[in-house]
Structure formats: structure tokens, C-alpha cells
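A short worksheet on the structure shown next.
The values are calculated or read from the model by the stated rules, or taken from the named source; none is laboratory data. Because the structure is predicted, anything quoted here is derived from the model rather than measured. We place every Cβ from the backbone using ideal geometry, glycine too, and count neighbours over all the protein chains shown.
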Amino acid sequence: MEIWRLPISASQRGKLISAGYTSLSSLSSISSSDLARELNVSESEAMNILKVASHSRGSETSNASCSIVEGAQSAWDMLHDEESLMHITTSSADLDNILGGGIHCKEVTEIGGVPGIGKTQLGIQIAVNVQIPNDFGGLGGNSIYIDTEGSFMVERAFQIAEACIEDMSEYNRFLRKDFQECKIKMQPQDILENIFYFRICSYTEQIALINYLDKFLSEHKDVKVIVVDSVTFHFRQDFDDMALRTRVLSGMALKLMNLAKRFSLAVVLLNQVTTKHTEASFQLALALGDSWSHTCTNRIVLYWNGNERYAYIDKSPSLRSA
Amino acid sequence: MARLANLETEYPVLDSTVRNFCASHGIFSVEDFLIHDLYMLAAFAEQNDSSERLKEGIAQVLSIIDDMHQPWLNGMELLEDAKRNKHVFPTGIQGIDLLLGDGIRVGQLTELVGPSSSGKTQVCLRTASNVARNHMVLYLDTGNSFSPQCIAYFLGKTISPSSAQAKNQFLQKVMSNISCHSVFDIFAMFDVLHQLESYLRCQDGRGCCQMRLLIVDSISSLISPVLGSSSTLGRALMTSAGYLLKKLAHQHNLAVLIINHTVGGEGGSSKPALGDSWKCIPHSRLFLSCDRGSNTYNVSILRHPSMASVKAARFVI
């Protein structure tokens, strides 16, 4: 294995190569103080490099585990895991139906639509719905709402929270007709308290926030959904360097995927639409292009048909298009 | 390939006289040795005082280098190897199997390219469920799109209806052969491939159920964050990933299936992502697209070692 496959900074890599260390085996027998002296770096940096190198090499020798690689799961185990995963309801029975029960956890779902169709409302609804306690079929978790456009209205969230609680008490009354302990302890304020709201104003803030979310989520283990509204806003206008945009977006998408998988939460991204010219006709397509469309697990497109809103699934690993 | 200083413990011939001599010519490691003109070096060694030691040292380094290259194979040995080891795995999808002449080939890197939602993941899942009946499969997933339910569904369709318990047992046996691992950046993928390599080295000795299929879905999402910046590291990582996959495929008799996506090309047509440098790395490339209206998928060959290009087929999943 070569040096430049290690995740170390470019300057350290340059120093290693110019000093003659081009492969990991050459780093195997040297001590950190010698390395520090030769490379002219601090001792802690040298120890870091050696640690990364020995970690990569150590993984070569450990093969006694039953799985092929560490962290791999067999498909059979995953099938059973999936059956126990909960979904987040969107409060619209039809939408839930085509989604197979709601928004899946451990996946990144992208929802796009024309302006005014209700994406932000849907986002707020999901942020509220995730807090439905387990007894009522919800996840009982907190939510993170990342706002890039400034369209989060607290009053509206309050209304939705109130409606949700009313819904729950009705459901309660409907199903449990006895006087057992089924009082709704939640108040709208509690629901609002459990929504962590971040407002960002530029794309660098967006990237910084997603990097920070890793630490945030390790501290707040209850978060079960991240809603980003909208993920494309800062990337559409005035972005000169297209290659940079692709790199940044794909890096961001991978990090979100990583968060979704590690912390078992659902990530919902709201996106805008643009028109695409195909074969002399105009077709609505989600913004940010083809490369972005490969980075999410599921895609839902909302559109108007006459006076009604329709949704269809554009991409999904386990559901049919509907 | 280590620095000469570090090799001293194993090969005491390479002591400080030899090393100083080499250092005077700017040679610090075995690799530098390869770049230098050996005749000149030998001539200088003759003129030096302790020429015997130096020549021994040089000979020792050359023998170290000799150990490192791959063994030579002649044509007959290659043919034997191909007949014995390099089978063809059917994907389970009739259209693709007909197009490819029975399926994907062991020892080769097959790439599936297509726009979003054109069925690439479905083809991979189908192939995985087909191969998993007899061999082990490793699925590297970057987008959390590995769906055990799909696999269970495909397997359920293929076996005859029998008791639920027998079906369950069958499902369990086959699905335990598929391992899925999520990787989210390219360095993690290198780690995983490395562990895989050492696992395969021990596996080659055993005769039991062996790993025969590696699926990477999708390699383009791993490479896009590093490709294209001012440094050339991204491209180096990409080519090195390609070579590592090909090496694993050939040496350990794996079939490797990777997924790439498309970007907009000239005139609005889509072309495969990752650019021209990646174009020559996979052995075969298939282009998938989907007809929304009729729910059928089209596949055409972009590149294949033994089939003519531009052949196309349709299939339904």
C-alpha cells in the first residue's frame, strides 16, 4: 500500500515522499522521534502519521473475524434489521402509501417540487411528526431543521404542532376507549423545543454545518431526522467553478449518507426544480443536475395536476415508481 | 520498498559503507536504485576502495527487487488459468445475459453506466442474488441503497413454491452469503479493499464456499469529491482504485461489477462520469437507460473485450 493512500495532509505527504518513504512498509520499523527528526515535523505529527499507517497495515493482518471485512453485515441480518426500522409518517396517507409507510430511516430522501407546492410545509410536518411518541407509532425523537432560505415560520410550526397533538388525542380516544394512562403529555411548546433550528446564509456555512453535525449528533443521540430546506439554494446562482460545485456537493452528500447510516436517522432534502430540454420538449427536473441525482437514495417529485398536488417516486431502491 | 537504512537489520550486507556510497549518488531507497543507471554505479563501485562490499551490496538489492515482481506466465498457463478459474456468471436477467454471451466474466471489471434511476442498482442486486446461491458476494454501498427486501423478492421468485420454512432456510442460506458494507469516502474503500485482499489470500488455500463477486455501488460518488481540484491526487486515487480492483479480479478470480453515473455531455447527450482517464480502466462497459412509459430497460454495450459494441437489448426487471 502506498503512502498517498493514507488520509494525511498534502504537506505531510510531500515531506514523506521527499524523504524517501514511499510505501507503508518503509514506515514500519521507524520510531516516531526519528521520523519527526527526518521530516522536520513535530513529534505529535509524526506519531499521528505512524498511527494512521499502522492502522492501515494492521487491518491487513487481522483476518480472523467471521465477516470478510470489519463492519460488513450479511444480507440476512440486514433484512431482519430493516423489518424493525420505523418510518416517519408524512401525515398524508397517499404519500405514505407510495413511500411504503413513510420516510425511511438510514436513507437520504430528496423531495423536490415547483415553488409553492408545499415543500417547506412538508418539511415542517416531518420535523414535527418525528416527535410522535412510540406509543402512537412514531419515533419519539428530535429533529434538526436546517434553513437556507429563511422560510421557516415559527407560527406555522406551532399550528402544525397543535394539530398533531389534536390528532394524537383523537386517535387516542378512538382506539383506547378505556381510562388507562393515555394522556397526552406533550404540549406544543415541547414539540417546538425539540426542533433544533440552524439558519445558514452561504454555502461555506452549509458545508461547515454538515461537518459539525457529526459532533452534534454524538451529543444529541435522540435526533432522528435532519431536514434541509433547501439544499440547492446556495449552489444555484453565482457559482463560477462548476467542478468545485460538483466536488462540494458530492462530498456533502456522502457525509449526509454517513450520518444517516451511523446514527440511524432519516435525512430529508428539499430541492427546487429547473427545466430540462429533452427532445425539443420541456421537462421539469430537480435542480443541481445529474451528478446530484445519484447521491440520494430516494427521490420524490411533487407537481400540480389541475388543482391537485401529485407526487411520484423518481428513484428508490425498494419501491416501484408510483 | 524500503529505505536502505531500514533494510540493514535484515540484510547486514547493506552497511554504512554501501549506504554512504549510494547516498553519494543520491540513492536513498530501493526505488531510487531502480531509477539509476546500474552500469555507471557498478563502474563507480569498481573504482572505490571497498569494491567487493559495494558489489555485494548492489547484488543484494537487486535480488530484493527480483523477489518483488509478478511471476512470468506463458500463453499455455494463461489458457489453463482461464479455463479453470475464469468462469462466467449469469446475471439472472435474460436480456443482459444474452447480450454479454452468458453473463459477467470472472477476472474482469464490468461497469454499468446510466442516468439516475435507470436500473443499475437493481441489476446489481439481481446479479448478487444469483451469484450468492453458490458463492459469496461483497456489496460496497455508498448510497444506502442496498435493499435486502429486493434480494429476498428476487430469490423468492426463482424457487418453486414450497413450505414457508424451507423457503426461509433457503433465503437464510443464500442471503448469508451476501455481505454488505457501507463506505462513504475513498480512503475507507481502500481500507476495505485491503482487508479483502488479505482475506482472499487466505481463502485461496481453502476449498469451501469462496467469494466470487464484488460490487461497488457507486464508484463515482466516491471519486467525485476528490477529482478535479488543482492537485492531481484525485486522479491518482481514481486510477489506483481501478488498478487495485483489476488486480483483485485477476489474481483472486473475482468478478467485479461497478456502477458509474452519467453527466451531461455535448449537445445534451449524457456521457459516463469520471472522464476520459477512467474510460479505459474497466474491461467492459454497459450503458443502461429506462423507458419510463413502458417500464422496460435498455442496455447497450459501450466496450467489451469479446463482443461487438453498439449491440443493444431490452429487459424487464
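Got a number for residues in the stretch B:108-158 being more than 8 Å from chain A (Cβ to nearest Cβ), more than 23 Å from the chain's Cα centre (by Cα) and in a loop (DSSP other than H, G, I, E, B)? Going through the stretch B:108-158 one residue at a time, the tally reaches 1.
Contact map, the stretch B:284-309: residues that are within 17 Å of B:GLN108 (Cβ to Cβ) and polar (S, T, N, Q) paired with residues that are at pLDDT 80 or above and in a loop (DSSP other than H, G, I, E, B), Cβ distance under 8 Å, separation 6+ or inter-chain. Pairs shown: B:SER284/B:GLN108.
Applying the condition of being surrounded by fewer than 23 Cβ atoms within 10 Å (Cβ to Cβ) and touching a Ser or Thr at 6+ places or on another chain (Cβ under 8 Å) to the stretch B:192-205 and asking which residue is farthest from B:PRO225 (Cα to Cα) yields B:SER198.
Checking each residue in the stretch A:294-315 for being under 24 Å from B:GLY275 (Cα atoms) and without any contact (Cβ under 8 Å) to a residue 40 or more places away in the chain picks out only A:HIS294. B:TRP72 passes every criterion in (1) touching a residue at least 12 places away in the same chain (Cβ under 8 Å); (2) surrounded by fewer than 13 Cβ atoms within 10 Å (Cβ to Cβ) apart from (1). Of all residues in the stretch B:185-198, none satisfies being at pLDDT 80 or above, over 18 Å from the mean Cα position of the chain (by Cα) and not in a loop (DSSP other than H, G, I, E, B). Against the test of being under 17 Å from the mean Cα position of the chain (by Cα), modelled with pLDDT of 80 or more and over 21 Å from A:GLN73 (Cβ atoms), the options B:ARG235, B:ARG212 yield a single qualifying residue, B:ARG235.
When every residue of the stretch A:65-80 is checked against the conditions, at least one turns out to be of a type in the set (Ser, Thr, Tyr), within 17 Å of B:HIS181 (Cα to Cα), at pLDDT below 70 and part of a loop (DSSP other than H, G, I, E, B). Number of residues in the stretch A:246-270 that are part of a helix (DSSP H, G or I) and among the hydroxyl-bearing types (Ser, Thr, Tyr) equals 2.
So which of A:LYS221, A:LYS255 ends up being touching a residue at least 12 places away in the same chain (Cβ under 8 Å), surrounded by fewer than 22 Cβ atoms within 10 Å (Cβ to Cβ) and within 12 Å of the chain's Cα centre (by Cα)?
Numbers: A:LYS221 fails: within 12 Å of the chain's Cα centre (by Cα).
When all the criteria are applied, what remains is A:LYS255.
Annotation note: of B:LYS247, B:LYS311, B:LYS279, the sole residue that is surrounded by fewer than 17 Cβ atoms within 10 Å (Cβ to Cβ) and at pLDDT below 75 is B:LYS311.
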